[in-house]
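The values are calculated or read from the model by the stated rules, or taken from the named source; none is laboratory data. None of these values were measured; they are calculated from a predicted model. Neighbour counts run over all protein chains shown; Cβ positions are idealised from the backbone, glycine included.
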Amino acid sequence: MLRNKNIVLCVTGGIAAFKAVSVASQLVKLGANVDVIMTENAQKFVTPLTFRSITKTAVITDMFEEPRDMEIAHISLAQKADAFLICPATANIIGKIASGIADDMVSTTVMATRAPVLICPAMNTNMYENPIVQGNIKKLKELGYSFLQPDSGRLACGTEGKGRLPEPDEIVAWVVGEIAREKDLSELKVLVTAGPTREAIDPVRYISNGSTGKMGYAVANAAALRGSKVTLVSGPVDIEPPSGVQVVNVTSAEDMYRAVMELESEYDIIVMSAAVGDFRPEAAADNKIKKSAGTPEIRLVPNPDILAELGRRRRRRVLVGFCMETRDLLENAAKKLESKNADIIVANDLNTPGAGFGTDTNVVTMLFRDGREKLELRDTKAAIADVILTKAAETLSAK
Ligand code: CTP
């Protein structure tokens, strides 16, 4: 699966460094050529000899004490690499990369590469949640570095929480997914909306819906992995943004409308997976509404329909809408395809088990503008995201 892929495994100093041994071994078994670079601290947890025995290649441990033929090892490794994997990655190495510091073999080589860099953070929970570390991760994600979320559980320091390095099998599966992917959509710009919107009633109350953003985030992630330039306009959600995706955070439907209209003309595919609120209170109260004033009457007014407006702005591009219903799914989906002038509608019935808000799976029917095809899918949101993108790209090339 990874035959002839050159992977540079950078091991930094954390107790989880021992798991990197098993990661190296599995990567070798999958056919990869693995070069290992260890920081000084990493060598306090595992010896270079362990990695050398597995990879059958000299382990690089020091910038200046290398053998002669590896004199500019950090440049040659950086160039030949198909991917870098930093596992485990300490707060320190993440901070160095984010700040442009190159003062050891790992940070120098990572700085010199154009290959994808995959980072597996592992550290104490408080460190992981420290806003400085989170800020560094956010910055690097926006620059296209990929991160594997740490697991939660009992940590070496005796505390419970997020920060554990996931098991080697999971790390390797992630690496394969990230680098064995074909960059078949690298010519395309994809705009995705996701999550709910919030329509303010007063400064503390709002009208919203149960969308978690999972489907839209899966689409944005899949498009980025397939090489597209991706912007994600997201309502308030609780999930980490995917790597390599530019995120524009919005709150209300009107915010989302403005953000999308400002961007739309540049994009080849627009996927409207957001659950946009159809109505908002006519006016949000300036101050918290008090109970003592009696039960308020809230008059609602319609929000702009983003997809319908995009449908009116005709261009050579593909518009994908979603349609969530609790009854008459296909009739309603066909009507929306027409009324919103969309190219594809992805319809799901909220009453179907495994479909809808919050789940990792979905059950959808895709309807196409020319009416010829109906595609039924029951799969993970990640897999469905890939089909949506493939179909959207096919539709675009037929235009
Ligand atoms: N949508 C939108 N702007 C809105 C409402 C919906 O862009 N104000 C988009 C959604 O992102 C989705 C599609 O339109 O891609 C259909 O959304 P849905 O809520 O199913 O349909 P509505 O148009 O809201 O119609 P209804 O609520 O009457 O079913």
Requested in this report: Go through (1) surrounded by fewer than 20 Cβ atoms within 10 Å (Cβ to Cβ); (2) under 25 Å from residue 203 (Cβ atoms); (3) within 16 Å of the ligand (Cβ to nearest atom) one by one and return the number of the condition residue 290 breaks.
Outcome: (3)
Query raised in the report: Just one of 297, 331, 325 is away from the ligand (no atom under 13 Å from the Cβ), of a type outside the set (Gly, Ala, Ser) and at pLDDT 90 or above; which is it?
Result: 297
**Report entry** Among residues of segment 368-399, those that are within 19 Å of residue 230 (Cα to Cα) and basic (Lys, Arg), counted
**Finding:** 2
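Conditions tested, residue by residue: (1) more than 21 Å from residue 116 (Cβ to Cβ); (2) in contact with a His (Cβ under 9 Å, 6 or more places away or on another chain); (3) buried (at least 24 other Cβ atoms within 10 Å of the Cβ); (4) free of Cβ contacts under 8 Å to residues at least 60 places away in the same chain.
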position: 7; (1), (2), (3), (4): no, no, yes, no
position: 14; (1), (2), (3), (4): yes, no, yes, no
position: 18; (1), (2), (3), (4): yes, no, no, yes
position: 23; (1), (2), (3), (4): no, no, yes, no
position: 26; (1), (2), (3), (4): no, no, no, no
position: 30; (1), (2), (3), (4): no, no, no, no
position: 37; (1), (2), (3), (4): no, yes, yes, no
position: 43; (1), (2), (3), (4): yes, no, no, yes
Requested in this report: Determine whether segment 96-103 contains at least one residue that is β-branched (Val, Ile, Thr) and over 23 Å from residue 222 (Cβ atoms).
Outcome: yes
Query raised in the report: Would you pick out the residues in segment 20-45 that are under 13 Å from residue 6 (Cβ atoms) and of a type in the set (Asp, Glu)?
Result: 35
Query - Residues of segment 127-144 classified as closer than 21 Å to residue 16 by Cβ and loosely packed, with under 14 Cβ neighbours inside 10 Å, total - result: 3
Report task. Within segment 142-157, work out how many residues are in contact with a helix residue (DSSP H, G or I) (Cβ under 9 Å, 6 or more places away or on another chain) and either under 22 Å from residue 115 (Cβ atoms) or not assigned by TED's automatic domain parsing to the domain that holds residue 116 (or both). Result -> 6
Requested in this report: Mind listing whichever residues of segment 262-281 are within 16 Å of the ligand (Cβ to nearest atom) and either among the basic types (Lys, Arg) or in a loop (DSSP other than H, G, I, E, B) (or both)?
Outcome: 267, 273, 274, 276, 277, 278, 280
Requested in this report: Confirm whether residue 219 is closer than 16 Å to residue 389 by Cα and either without any contact (Cβ under 8 Å) to a residue 40 or more places away in the chain or not acidic (Asp, Glu) (or both).
Outcome: yes
**Report entry** Verdict on residue 350 being within 12 Å of the ligand (Cβ to nearest atom), over 15 Å from residue 271 (Cα atoms) and loosely packed, with under 15 Cβ neighbours inside 10 Å
**Finding:** yes
Report task. For segment 236-261, enumerate the residues that are assigned to a strand (DSSP E or B) and either outside the structural domain of residue 199 (by TED's automatic domain parsing) or more than 16 Å from the ligand (Cβ to nearest atom) (or both). Result -> 245, 246, 247, 249
